[in-house]
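Please read the structure below before turning to the comments.
The values are calculated or read from the model by the stated rules, or taken from the named source; none is laboratory data. Bear in mind the structure is a predicted one, so any value in this text is a computation, not a measurement. Methodologically, a virtual Cβ is constructed for each residue, glycine included, from the backbone with ideal geometry; neighbour enumeration extends over all protein chains shown. Quick note on the areas: whole protein, heavy atoms, side chains included, nothing else; ligands and nucleic acids left out. Shrake-Rupley method; radii C 1.70, N 1.55, O 1.52, S 1.80 Å.
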Amino acid sequence: LVGFIGEEVAVHVLKKLHQRHVIHLNTYDYDILVDDIRVDVKTKSTSVAPLPHYSNSVASFNTSQKCDVYAFVRVKKDLTTAWWCGVIEKDLFFKEAVFMKKGQMDADNKYVVKADCYNLPISQLRQNI
């Protein structure tokens, strides 16, 4: 449910920011098309409002998706609030992100990662494509 909410938030924000053609498709490789740009939405559930040093993550088993851009959203655990974190090109994400092994603690926010993943702070994202 959190993932679907994140996708709807991303569709809304991208339509508002771009004033371009935005289609919600929800395929394995990407969730949204903005003109011809394939956007995959990554959503995390949270109990607090996100801060700039909080990490956005892409699980290591998800790196082969055929998308151009990642969009990141946070959704409060009680589903009452969602936050748009931003976007980044897939290639740039993996160039800038830090690889973390399952069980490793992210020193920036003291979060212990639950699966092998690549992390990048919210502060390194842009607001639009």
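Which strands (runs of 3 or more DSSP E) sit wholly inside the stretch 37-96 and have at least 2 residues that are open to solvent by less than 50 Å² (accessible area, probe 1.4 Å) and either more than 26 Å from ILE23 (Cβ to Cβ) or charged (D, E, K, R) (or both)?
37-46
Hey, does the stretch 3-15 have a residue that's under 13 Å from the mean Cα position of the chain (by Cα), open to solvent by 70 Å² or more (accessible area, probe 1.4 Å), farther than 23 Å from SER123 by Cα and of a type outside the set (S, T, N, Q)?
Among the residues of the stretch 3-15, at least one is under 13 Å from the mean Cα position of the chain (by Cα), open to solvent by 70 Å² or more (accessible area, probe 1.4 Å), farther than 23 Å from SER123 by Cα and of a type outside the set (S, T, N, Q), which makes the answer yes.
Looking only at residues in the stretch 105-129 that are open to solvent by 80 Å² or more (accessible area, probe 1.4 Å) and either of a type in the set (Asp, Glu) or within 22 Å of SER64 (Cβ to Cβ) (or both), which one is modelled with the highest pLDDT?
LYS114
Within the stretch 1-55, how many residues are of a type in the set (S, T, N, Q) and closer than 23 Å to MET100 by Cα?
Total meeting the criteria: 5.
Quick grid of which residues meet (1) free of Cβ contacts under 8 Å to residues at least 24 places away in the same chain; (2) closer than 17 Å to ALA10 by Cα; (3) not acidic (Asp, Glu):
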site	(1), (2), (3)
TYR54	no, no, yes
SER64	yes, no, yes
PHE72	no, yes, yes
VAL113	no, no, yes
ASP116	no, no, no
